[in-house]
Amino acid sequence: MTAAAGRVLILLALLVSSAGAMAGFAAGARGSEAGWRLTRRLAYAFAALMAAANALMVWALLRRDFSVGYVAHVGSRSVPDWVAVVSLWSSLEGSILFWGLVLGVYVTAATRANRSRHPEYMPYAAATWLACGAFFSFLLAGPAQPFATVPHPPADGPGPNPLLQNHVLMIVHPPFLYLGYVGMTIPFGLASAALLRGRLGHDFIRPLRDWLMLPWIFLTCAITLGAWWAYEVLGWGGYWAWDPVENASFLPWLTATAALHSALLTERKGVLKGWTTTLVMATFLLTILGTFMTRSGVFNSVHSFTQSAIGPTILGFLALVLVWSVILLAARIDRFSPEGQLLGAASRDGMFLANNLLFVLFTFTVLVGTVFPLVVEAVQNVQMSVGRPYFDRMAVPIGIALLLLMGVGPALPWGRATPEQLKRALLPPIFGALLAAALGAMLGVRAPWTLVALGFGGYTAQVTLRELWRPVARRRAKGAGLGEALVESPRRSRRRTAAYVVHAGAALALVAIAVSSTMGTSKELQLREGQTATVGAYTLTFLKAEEVREPHRDALVARIGIMKGGRDLGVLTPRMNHYESQREPVGTPAVRTSLFEDLYLSVMNIDPAQGTLGLLAMVNPMVAWIWGAALVMALGGLAALWPGHRAAAAVAARVDPRVPAPSRVAAEG
Amino acid sequence: MSRGRWFAIAALAAAGGAFLAITAGGIGQNLVYYWGPTELHAAGKKAVGASIRLGGLVADHSIVRSPGSSQVEFDVIDRPGGRVHVKCTGVPPQLFRERIGVVVEGTMSPAGHFEGRRLMVSHSNEYRIPGEGEAVDVKKTMRTTQGLDDAPAP
């Protein structure tokens, strides 16, 4: 019964989204107001149907209704209710259903926000979104089938993958990833609309940028949460391995970041319209490629829990989107007329281009390394992978160049600069660079790349702080008090401030990654009860191995006493969890985080009867700073989006796209 | 087109070519092969010094632990009848035992045994418990083994 109702909802969603896509394209072509109204209604209806289907599935999961195929696949009577709810996205079919819900929410929000704006583009945009909606409805109706009817329902199911139950981060990581991935549909639709229209007006760049920024924030969080989860759960002591699944989330992030920068240039100078559009479309393509890689089982890695026939369907969609994008770009890109021009290589303009070049190179590098083994296997039937050293060797110089660019770019003025100006802009931050590198050297950093990263980080930090402080100082010079200036200036130049906050976070993240990956200590220990060992400045004593019974799992726990510099820091309890449904145990490391370093203990083997323990013990510096830095980046992104509509609308009204804005006049002298 | 423009295009092409060369070289030097004992022997000299993930089953009665250290020696076998002796320095994981699928990361030594840096028990992605004697596709599980990717380079 429930399964049949679910299938009806999915079929209706397929119908409504297909109709909406057609109505939208027709309304766009004819410029029909009534057609646009119809498209909007169908968009809302699609969202409502997807929400209903998801609610129905959650209900079935909570009731342990094993007559529903997906529930029989991932449900279990032995798991708590919260696990039952998050099972919605724990496996393939459910996660596609959840994808539909997220898409519905995005489409509703983007449609409502622009229902009476940008009439020349919006029907086309909504039509593109709904076409994507139709594809995912089709996927749910045919190949995926979460609502398949189970003729003879089992008495109990296997429950979701224990790795998902093992840590709270795995509950929040997937929703963020979907909010990031699915959200890229919105800018893709906007870019398609601009191409279909053959025009990208100044007023339409802002929504494009904003709707790119929102999923970018979620994707930033998702990548960080994924890394954090790997660190806290998988027990090998690191957070990033260039695993295909990690790369799948990182690739669209790279192009989206490039697009955000090039869109800024487009918005400010009216240039690079085609390039910005291309990056936005590439971002969407990479999300679909990522979905294919993680959801079809071509790579078997920690994240790909299942293999299925869904892969070919997604591959078909990827091909379709690729053809659509290439044809649209080829046919229409010439119609985008630039309204300004780029000036000077040694200027902020030039640095924006350098940024884009680096991000594209980065994307290419990661993409080639990720896809190469697949191609080799397909062609020669040889199984292999591209090892981590390849990625590290390519990523380190690019990352360090980006770190420096975050300092040099904002230091330079727009347009052409005189040698005198360049000297005044670029020389002072060298002080910050030397300071940071010297500080690092004093604290024991010897690796040359890490020292370079620290130096560039210091350079960028000084520039960023200077740029953040500048408007405050200007306001104070006009006679405002310090408190007033500190509150008012960021409010008046919110997007500018936000951008520098994101940069501060990114610079901090890059430095923390450099330090944590080169300055750690790692030891594999074999201990008996009562034995002591040291790692870094810590003394570890293996006190006892215990067996613990919990409702949905059993665990073997190692109790390890920690001392540092004669001070007792208490007991850490890394463990091995045994879930009923799983043959292999799942380790859970214990991490003790202090301001500058983590003590990381992971059980490799443990035997309470013999009193023996194999332990991986690591000291990882600055890892927690990466999570903090990502939070700063996300908050900065949010600040850029925060509605400050009065100011923005007033500016938009004053600026006619055909007349150069005052800043452009000033820059182009 | 002006001369400056041609010059810019030539410079970009040169830079792009250099980048491609670096990428191709980087990939070529960092391939990790997924081999079983049979393929390992078939590769001959090529296996010495290469990055390899050796996958297979731990042979019966072949495990020798050296007391007081984490060093362990054993034989890995595969279906076609290949066998290779492994000396591994990494701490063996919880489930390590005879007749279990393992993946060892390391390289072939000139002396003819496999020098393992890291030892993992192959980790099934399925929820169900495999039946007695059920074949486990080692090639498939080779890629799934938790964290194998991530041995910090010593």
Item to check | Segments B:78-87, A:390-399 sorted - mean Cβ within 10 Å per residue, highest first | outcome: A:390-399, B:78-87
Checklist entry - Applying 1/(1 + (r/R0)^6) with R0 = 60 Å to the Cβ-Cβ distance of A:Ala155 and A:Glu524, what FRET efficiency is obtained, to the nearest 0.05? => result 0.85
Checklist outcome for this item: Once amide hydrogens are built 1.01 Å from N within the peptide plane, the residues lying 5 or more places from A:Val535 or on another chain with amide H under 5 Å from its amide H are A:Leu540
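Could you work out the mean count of beta carbons from other protein chains within 10 Å of each residue's beta carbon in A:205-213?
0
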Item to check | Proximal aspartates and glutamates relative to B:Lys45, as straight alpha-carbon distance under 19 Å, when same-chain residues fewer than 8 apart are discounted | outcome: B:Glu105, B:Glu115
Item to check | Inter-chain shielding of A:375-387 (mean C-beta neighbours from other protein chains, 10 Å cut-off) | outcome: 4
Checklist outcome for this item: Expected vector for the range A:592-605, Karplus 3J(HN,Hα) from phi with 6.51, -1.76, 1.60 and θ = phi - 60°, integer Hz, x for Gly and Pro, equals 10, 9, 10, 4, 9, 8, 10, 9, 10, 10, 9, 6, 9, 8
Checklist outcome for this item: Most packed first (mean Cβ within 10 Å per residue), the peptides A:407-418, A:495-506 order as A:495-506, A:407-418
Checklist entry - In this model, which of A:Lys269/A:Lys423; A:Lys544/A:Lys564; A:Lys564/B:Lys87; A:Lys544/B:Lys87; A:Lys523/A:Lys564 are farther than 27 Å apart at the alpha-carbon? => result A:Lys564/B:Lys87; A:Lys544/B:Lys87
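Name the shape class, rounded, prolate or oblate, that the alpha-carbon gyration tensor gives for the range A:508-628, where a ≥ b ≥ c are the square roots of its eigenvalues, rounded holds for a/c under 1.5, and otherwise prolate holds if a/b is larger than b/c and oblate otherwise.
Numbers: a/c = 2.25, a/b = 1.44, b/c = 1.57.
Verdict is oblate for the range A:508-628.
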Checklist entry - Short version: ³J(HN,Hα) in whole Hz for each residue of the range A:517-528, in order, from phi by Karplus 6.51 cos²θ - 1.76 cosθ + 1.60 (θ = phi - 60°), x for Gly and Pro, what are they? => result 8, 10, 10, x, 10, 9, 9, 9, 10, 10, 10, 10
Checklist outcome for this item: Once normalised by the length of chain A, the mean sequence separation of its alpha carbon contacts under 8 Å that are 6 or more apart gives a contact order in percent of 11 percent
Item to check | Amide proton proximity set for B:Ile52, modelled H, under 5 Å, gap of 5+ | outcome: B:Tyr33, B:Gly106
Next on the checklist: Can you classify chain A as rounded, prolate or oblate using the Cα gyration tensor, where a ≥ b ≥ c are the square roots of its eigenvalues, rounded means a/c under 1.5, and otherwise it's prolate if a/b beats b/c and oblate if not?
Outcome noted: oblate
Next on the checklist: From Cα pairs below 8 angstrom and at least 6 apart in sequence, can you work out the relative contact order of the range A:1-160, rounded to a whole percent?
Outcome noted: 40 percent
Checklist outcome for this item: Relative contact order as a percentage, the range A:519-630, C-alpha pairs under 8 Å and 6+ apart, gives 26 percent
Checklist entry - Tell me, what ³J(HN,Hα) does each residue in the range A:239-248 have, in order and in whole Hz, if you take phi through Karplus 6.51 cos²θ - 1.76 cosθ + 1.60 with θ = phi - 60° and put x for Gly and Pro? => result 10, 8, 10, 6, 5, x, 6, 5, 4, 4
Item to check | Theoretical ellipticity at 222 nm over chain A - DSSP helices of four or more residues, -39500 (n - 2.57) apiece, nearest 500 | outcome: -21500 deg cm²/dmol
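Readers should treat all values here as calculations from the given coordinates under stated rules, not as data from a laboratory. From a predicted model like this one, the values you see are computed outputs, not experimental measurements. Methodologically, a virtual Cβ is constructed for each residue, glycine included, from the backbone with ideal geometry; neighbour enumeration extends over all protein chains shown.
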